[in-house]
2 protein chains.
Amino acid sequence: MFNARLYSRIRINALAQSKRFNATISKNAPLDASKLSIKTADVVKPLVANKDLVFGKTFTDHMLTAKWNEDKGWSSPEVTPYAKLELEPCAAVFHYGSECFEGMKAYKDKNGKIRLFRPDMNMARMNRSTARIALPQFDGDELIKCIAEYLKTEERWIPSERGYSLYLRPTMIGTQESLGVNAPSDALLFVIACPVGPYYKTGFAAVKLMATTEYVRAWPRGTGDAKIGGNYAPGLLPQRVAAKAGYQQNLWLFGEDHQLTEVGAMNLFTMIKNKQGELELITPPLDGSILPGVTRDSILSLAREWNEFKVVERKITMPELRDASKEGRVVEVFGAGTACIVSPVKTISYMGEDLNIPLDPNDSTSQAGPYTKRFSEAIMNIQYGEVEHPWSVVIN
Amino acid sequence: MFNARLYSRIRINALAQSKRFNATISKNAPLDASKLSIKTADVVKPLVANKDLVFGKTFTDHMLTAKWNEDKGWSSPEVTPYAKLELEPCAAVFHYGSECFEGMKAYKDKNGKIRLFRPDMNMARMNRSTARIALPQFDGDELIKCIAEYLKTEERWIPSERGYSLYLRPTMIGTQESLGVNAPSDALLFVIACPVGPYYKTGFAAVKLMATTEYVRAWPRGTGDAKIGGNYAPGLLPQRVAAKAGYQQNLWLFGEDHQLTEVGAMNLFTMIKNKQGELELITPPLDGSILPGVTRDSILSLAREWNEFKVVERKITMPELRDASKEGRVVEVFGAGTACIVSPVKTISYMGEDLNIPLDPNDSTSQAGPYTKRFSEAIMNIQYGEVEHPWSVVIN
């Protein structure tokens, strides 16, 4: 059913479309970090101890904003005290899902420097997301510069303990004041930040997933590869079903053959011994229906660099995984995403049956397999600047 | 690929899920119209002449709101001056597409009475939409009572000229102040209103549609039958492509065989003579991927009551329509929706070719075929109370 060449052409069309669109606004003001103004809060909030942090609940003292209008272009970006947004009830974002976002993290290294992890990837993806839903383009390098200044303002909020970081949420919403279903004439770009620890309440402990067969997340020529609001609300119902049954997340499948696609909050990797006894790291390909994760890309790059096992982006189905599990060929399974970084998986429920995924065969108390741990450590070593790497960008 | 029985089971599960959810909140305060308070604006806006109305741009003096919290249930509903919403930038609605809405209209009849058209259908659909994205349920009859009081407050804004009405936009948004991807703990229900004339700038004139083959709107086990924000933003790009080429709307197709599904702002009907020479009114079935329109349902009911031609809900493909067109068997095509009521179609562009759809064979200047006109008149006669019918509900 899925035609890769056609899909590729569609993407090119979407990009061309977005470039044309960009061209039409380039007469107007571009997003310009040199125009950033900073107005700090009169009173700042007390910090929250790392151990008390709950993901996405604690926000810093300021936010970064820039407005866009189809005639004027981008306003001067501003860092201002964290405050409520005031929007007309007819604004596009409340009615037509005119919203997209990114998740990225700032880390403090042992020398006190602030670091971002591959921020260019987030900027590029956000521009692809905005293009897909007719929101405006912006210069990603300029937004990174603005974020750097914002982070300097919020420096006291960036945890220095390993496993903790300042989560950044760049967001763009359509603010056009009309109920007509049209490309928004106005938009608001904002960035908020919250100090976070592990995404799951269980920490780095292995999670249980429930494969969802009753709902479908994305479809070829849909929007599964864009980080837009509309991809998330429909996942709350299967997520609730999974949670009630004792599973942390639901695993989205696709097609009659039940292809693995992604977990709501992360991409999925399996390490399997194939029938010839070779070890393979397998993850579903970027066919347009799954999110192109920054952590996903990083894990594939590291694995290819290590060159110790096969690294394969291909379709993999639940029956294939179940068969491999029954034959003792599943070595490890883990999720990868900015929020969780790397998350070991110990169980996948499929059609009423629990597949038990091995963790560490040499340590029955361990909550992660050796490859999962190795990817997690390798990525965190780069993120926290323990190992110098071009992916880690020092901003001060 | 699509399994109707399985789909039906999924819907039942979703309803059961929503009922369980409802049961869990019934301990808490239900939405209660008897608690409605009304605070009117100190200064009211000048009315806008009917001829100057643009769809969705002019709003009345007040809005209707009610808040929901998972512990407390529903707050007392309020009519207050139309004002901006103030929401935390982390609110679920800005990030995860936690939003759904309805479109309905209030009419003023020749005796000055205010009428709604099948409001129970909107309430039922809105509760199905909220259930699908884990927003709370509410008692639809209570919301209709609140809307009736709201309409009495806004009475001067309801146009009395035929073809004009007061468009109502009930909306529910998730307002939970957290970036965790969870079912919202808080929500806001609001209703805003705007006086409107014809949805298309061209009035009742026939519109041109462009069939979209590069993007897909909805799919089995997705959310195509829910009126949620996430279904709309992805349609702006194909809508813009259509508009640039001179077509008012894009027509969404599905599957390799290019099944007609719906137009972004309306359902689609075709009147075709079959190969046996029988006249058939054909519209795609409610298979879960198209919006169950109130006007769609009304047209099917009227047509079945008239019993003058076959009325069929079935899959129909673009190649089938093209063949019928080439064989001179296409009689009329029209769209149906609350915003446009009935909208004649004169052209459908498909794979680079324009199919010309007949309008009135006896009147070359007419902008609509005789059946299209008849459906339009029959529905408007009920909406404006020219013909008494249980679908038209007098509220004062």
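Taking every residue in segment A:125-142 that is in the same structural domain as residue A:228 (by TED's automatic domain parsing) and pairing it with any residue that is open to solvent by less than 10 Å² (accessible area, probe 1.4 Å), at least 6 positions away or on another chain, yields no pair with a Cβ-Cβ distance below 6 Å.
Residues in segment A:197-215 that are open to solvent by less than 20 Å² (accessible area, probe 1.4 Å) and at the interface with chain B (Cβ under 8 Å from one of its Cβ atoms): A:215 alone.
Scanning segment A:77-97 for residues that are more than 13 Å from chain B (Cβ to nearest Cβ) and open to solvent by 10 Å² or more (accessible area, probe 1.4 Å) turns up just one, A:78.
So, residue B:337, is that one among the small types (Gly, Ala, Ser) and either within 23 Å of the chain's Cα centre (by Cα) or under 22 Å from residue B:271 (Cβ atoms) (or both) or not? Before you say what the answer is, go through the steps one by one.
Values: among the small types (Gly, Ala, Ser): yes; either within 23 Å of the chain's Cα centre (by Cα) or under 22 Å from residue B:271 (Cβ atoms) (or both): yes.
So residue B:337 passes the test.
Of all residues in segment A:283-299, those being part of a strand (DSSP E or B) and closer than 15 Å to residue A:125 by Cα number 0. Scanning segment B:122-146 for residues that are β-branched (Val, Ile, Thr) and under 17 Å from the mean Cα position of the chain (by Cα), we see that the one that is least open to solvent (accessible area, probe 1.4 Å) is B:130.
For segment A:177-189, filtering for residues that are more than 10 Å from every other protein chain (Cβ to nearest Cβ) and closer than 18 Å to residue B:240 by Cβ leaves 3.
Among the residues in segment B:150-159, are any surrounded by fewer than 20 Cβ atoms within 10 Å (Cβ to Cβ) and either touching a helix residue (DSSP H, G or I) at 6+ places or on another chain (Cβ under 9 Å) or within 28 Å of residue B:28 (Cα to Cα) (or both)? There is no residue in segment B:150-159 that is surrounded by fewer than 20 Cβ atoms within 10 Å (Cβ to Cβ) and either touching a helix residue (DSSP H, G or I) at 6+ places or on another chain (Cβ under 9 Å) or within 28 Å of residue B:28 (Cα to Cα) (or both). The number of residues in segment A:66-84 being aliphatic (A, V, I, L, M) and not in a strand (DSSP E or B) comes to 1. If you go through segment B:229-271 and keep only what is hydroxyl-bearing (Ser, Thr, Tyr) and open to solvent by less than 10 Å² (accessible area, probe 1.4 Å), you end up with just B:270.
For segment B:223-242, the candidate set comprises residues that are touching a Gly at 6+ places or on another chain (Cβ under 9 Å) and outside any helix (DSSP H, G or I); within that set, the residue that is farthest from the other protein chains (Cβ to nearest Cβ) is B:225. Pairs linking a residue in segment A:146-174 that is under 18 Å from residue A:339 (Cβ atoms) to a residue that is among the hydroxyl-bearing types (Ser, Thr, Tyr), with Cβ atoms under 7 Å and 6 or more positions apart or on different chains, are A:157/A:60; A:159/A:165; A:162/A:384; A:165/A:107. Need the failing condition index for residue A:286 against (1) closer than 23 Å to residue A:198 by Cβ; (2) more than 14 Å from chain B (Cβ to nearest Cβ); (3) touching a residue at least 60 places away in the same chain (Cβ under 8 Å), just the number. Only one criterion is unmet by residue A:286, namely (1). Annotation: residue A:51 fulfils all but one of (1) surrounded by 13 or more Cβ atoms within 10 Å (Cβ to Cβ); (2) not in a loop (DSSP other than H, G, I, E, B); the unmet one is (1).
Of all the listed residues (B:171, B:153), the sole one being in contact with a His (Cβ under 7 Å, 6 or more places away or on another chain), modelled with pLDDT of 95 or more and within 13 Å of chain A (Cβ to nearest Cβ) is B:171.
Condition first: away from every other protein chain (no Cβ under 14 Å), small (Gly, Ala, Ser) and open to solvent by 10 Å² or more (accessible area, probe 1.4 Å). Can you find one or more residues in segment B:98-110 that meet it? Looking through segment B:98-110, none of the residues is away from every other protein chain (no Cβ under 14 Å), small (Gly, Ala, Ser) and open to solvent by 10 Å² or more (accessible area, probe 1.4 Å).
The values are calculated or read from the model by the stated rules, or taken from the named source; none is laboratory data. Because the structure is a prediction, the values reported are computed rather than measured. With ideal geometry, Cβ positions are generated from the backbone for all residues, glycine too; neighbour counts draw on all protein chains shown. Accessible surface areas use protein heavy atoms only, side chains included; no ligands, DNA or RNA. Shrake-Rupley method; radii C 1.70, N 1.55, O 1.52, S 1.80 Å.
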